[in-house]
Amino acid sequence: MSSLSTHEAIVWWEFQQGKSTGEIAENYQEERSIPSYVQQTLDDKSNEKISLGDAAYVSRVLNRARKKIEKILSDNANSHRLDVESLLDYKGLLIGFDYQASAAVYIVFTMKLGPVVWYKHDSYAGKLCDGTPYDRPAEDTRNLDPCPKREECREILDTIMEEYAITLRPDEEELYMTQQSIAIFNKLAAKEIPRYKRRGD
């Protein structure tokens, strides 16, 4: 079941793609189709056309979405017994620390996968993403089994990058996902918020 209403999901998606509330309202003054990515995440799969009205309404919808997302992130942090360091509800990100695991933890809200809880880690059971033992990098990794979570991790990171319009530099694309994930979360935390952009920027 989707955590956000149709209007909330549309506004959240457009906001994370870099549009201000004013731009979103302007784009949805006339009825238009729901963005295909958002449509896939909704419980209601009807192809209705949506109009959002003025910027004040869009701002209210965004605030409702932020409050829901803040609760989702906080509830997940509590269930994982994390020490919360920062909660950036307008970016869908909570950064915390798990003292039992002695690890930084990132919780990211996604429309597609729901809240994603990611523990910062160097390897999975001693293996890097290509199956190389973490403490003994091999030159030839063709015969090694990859980490069993590799595909799941790739889907998670790709989803976060798509939903939050994050791009990696070529050198970051070459990193193991354990390292790449930190680059992605840092970019999300540092991401500029559309409503603070000056007009004409």
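Observations, loosely collected:
- Hits in the stretch 95-116 (condition: outside any loop (DSSP other than H, G, I, E, B), over 16 Å from Val11 (Cα atoms) and touching a residue at least 40 places away in the same chain (Cβ under 8 Å)): Ile95, Tyr106, Val108, Gly114, Pro115, Val116
- Only listed residue being at pLDDT below 95 and touching a strand residue (DSSP E or B) at 6+ places or on another chain (Cβ under 7 Å), chosen from Ile50, Ile69, Ile24: Ile50
- Residue in the stretch 121-132 that is surrounded by 15 or more Cβ atoms within 10 Å (Cβ to Cβ), at pLDDT 90 or above and touching a Phe, Trp or Tyr at 6+ places or on another chain (Cβ under 7 Å) present: no
- Residues located in the stretch 151-170, provided they are assigned to a helix (DSSP H, G or I) and either under 17 Å from Gln40 (Cβ atoms) or in contact with a helix residue (DSSP H, G or I) (Cβ under 7 Å, 6 or more places away or on another chain) (or both): Cys153, Arg154, Glu155, Ile156, Leu157, Asp158, Thr159, Ile160, Met161, Glu162, Glu163
- Test for Ala101: is it at pLDDT 85 or above, surrounded by fewer than 15 Cβ atoms within 10 Å (Cβ to Cβ), of a type outside the set (S, T, N, Q) and touching a Phe, Trp or Tyr at 6+ places or on another chain (Cβ under 9 Å): yes
- Residue in the stretch 28-39 that is farther than 24 Å from Lys187 by Cα and modelled with pLDDT of 95 or more present: no
- Exactly one residue among Leu62, Leu73, Leu87 is closer than 20 Å to Trp12 by Cα, without any contact (Cβ under 8 Å) to a residue 60 or more places away in the chain and touching a Pro at 6+ places or on another chain (Cβ under 9 Å), and that residue is Leu73.
- Selected residue (criterion: surrounded by the fewest Cβ atoms within 10 Å (Cβ to Cβ)) from residues of the stretch 149-184 that are in contact with a Phe, Trp or Tyr (Cβ under 9 Å, 6 or more places away or on another chain), modelled with pLDDT under 95 and not aliphatic (A, V, I, L, M): Lys149
- Some residue of the stretch 40-47 being farther than 17 Å from Lys91 by Cα, in contact (Cβ under 8 Å) with a residue 60 or more places away in the chain and either of a type outside the set (A, V, I, L, M) or surrounded by 20 or more Cβ atoms within 10 Å (Cβ to Cβ) (or both): yes
- Those residues of the stretch 81-94 which are assigned to a strand (DSSP E or B), more than 13 Å from Ser181 (Cβ to Cβ) and not polar (S, T, N, Q), in sequence order: Asp83, Val84, Glu85, Leu87, Leu88, Leu94
- When residues of the stretch 84-128 are limited to those that are of a type in the set (Phe, Trp, Tyr) and out of contact with any helix residue (DSSP H, G or I) (no Cβ under 7 Å at 6 or more places or on another chain), the one nearest to Gln17 (Cα to Cα): Tyr119
The values are calculated or read from the model by the stated rules, or taken from the named source; none is laboratory data. These figures come from a predicted structure and were not determined experimentally. When we count neighbours, we look across all protein chains shown, and the Cβ atoms used for this are built from the backbone with ideal geometry, even at glycine.
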